[in-house]
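See below for the structure under consideration.
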Amino acid sequence: MSALPASRREILIATIADLLDGVRTVAVGASSPMPAAGAMLLRARNEQRGRERVRVIVLGSRQHNFFTNGSFELFDATAQGRIDAFFLGGGQIDGQANINLVGTGDYPSSTVRWPGSFGSAFMYYLIPRVILFREEHSPRVLVDKVDFVSAPGSSDGIHRSGGPHALLTGLALFDFDKENKRFRLRSVHRGGSASDVRAATGFDYDSPDEVPFTPEPDAETLALLRGRVTTELAECYPQFVETMVADRAA
């Protein structure tokens with residue numbers, strides 16, 4: 001089974017696991033199957049290699065969540081410095097890593113409304129390794145400037161232990177340069193090109209002269225992903241697992 005080439009989703013999940021390498025506790029919000037799969041993959045891979053144990057918290061899961069009071073306990077753990085990594089997305093993400101979870105247009109007269117910021121700014125300020133994840137890679141999502149700042153990517157004159165670590169989309173992977181407050185393209189996923197990324201991105205960013213492809217998962221990683229991780233993920237994301245299995249068949 002692991003001899004089959006990696007699917008697009010499997011490349012993203014393996015990339016997430018690599019971005020999490022070195023963390024001890026990672027939390028994943030609700031409705032985030034790929035970040036959850038990446039965290040579970042890191043945990044399984046570390047155990048197989050005899051490395052440090054990784055604690056994975058998936059909100060909405062019964063088996064992979066030791067909290068009994070959901071996001072309230074997550075906020076407490078964050079304030080205590082017990083969460084090393086977390087994921088944030090956004091209806092809009094700009095080149096300074098600001099995210100918008102409120103809506104488009106001039107607030108409060110937004111033309112499109114989204115669920116809201118909830119605790120995004122709190123988490124963004126305090127968690128050391130925040131990975132921005134959004135599958136869609138388009139100028140509609142990756143904008144020059146967000147219409148509303150739900151959570152800022154940087155803060156001048158304020159002590160801040162947390163912030164953006166990377167931006168992963170369905171097309172590419174960016175690192176965030178905290179000193180210069182801008183993204184730098186690290187790699188493009190299989191089937192894409194640097195020019196594709198430039199055309200689909202609404203903000204400016206830095207880029208190397210030669211942009212490499214995102215590394216594909218090795219046989220060990222694919223075996224874990226298609227075995228143990230798929231089984232663990234099915235408990236909280238059964239429909240997503242069905243799509244993953246269908247991807248492999250295709």
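The values are calculated or read from the model by the stated rules, or taken from the named source; none is laboratory data. Since the model is a prediction, treat every value here as computed from it, not as a measurement. With ideal geometry, Cβ positions are generated from the backbone for all residues, glycine too; neighbour counts draw on all protein chains shown. Side chains are part of the model used for accessible areas, which takes the heavy atoms of the whole protein and leaves out ligands, DNA and RNA. Shrake-Rupley method; radii C 1.70, N 1.55, O 1.52, S 1.80 Å.
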Restricting attention to the range 105-145, which residues are among the β-branched types (V, I, T) and surrounded by 13 or more Cβ atoms within 10 Å (Cβ to Cβ)? I127, V130, I131, V141, V143
Looking at the range 84-104, is at least one residue open to solvent by 50 Å² or more (accessible area, probe 1.4 Å), of a type outside the set (S, T, N, Q) and out of contact with any Pro (no Cβ under 9 Å at 6 or more places or on another chain)? no
Take the conditions assigned to a loop (DSSP other than H, G, I, E, B) and buried (at least 20 other Cβ atoms within 10 Å of the Cβ) and apply them to A6. Does it pass? yes
Going by what's in this entry, would D106 be described as closer than 27 Å to R24 by Cβ and charged (D, E, K, R)? no
Listed residues Q48, Q63; which is at pLDDT 95 or above, among the polar types (S, T, N, Q) and either open to solvent by 40 Å² or more (accessible area, probe 1.4 Å) or out of contact with any strand residue (DSSP E or B) (no Cβ under 6 Å at 6 or more places or on another chain) (or both)? Q48
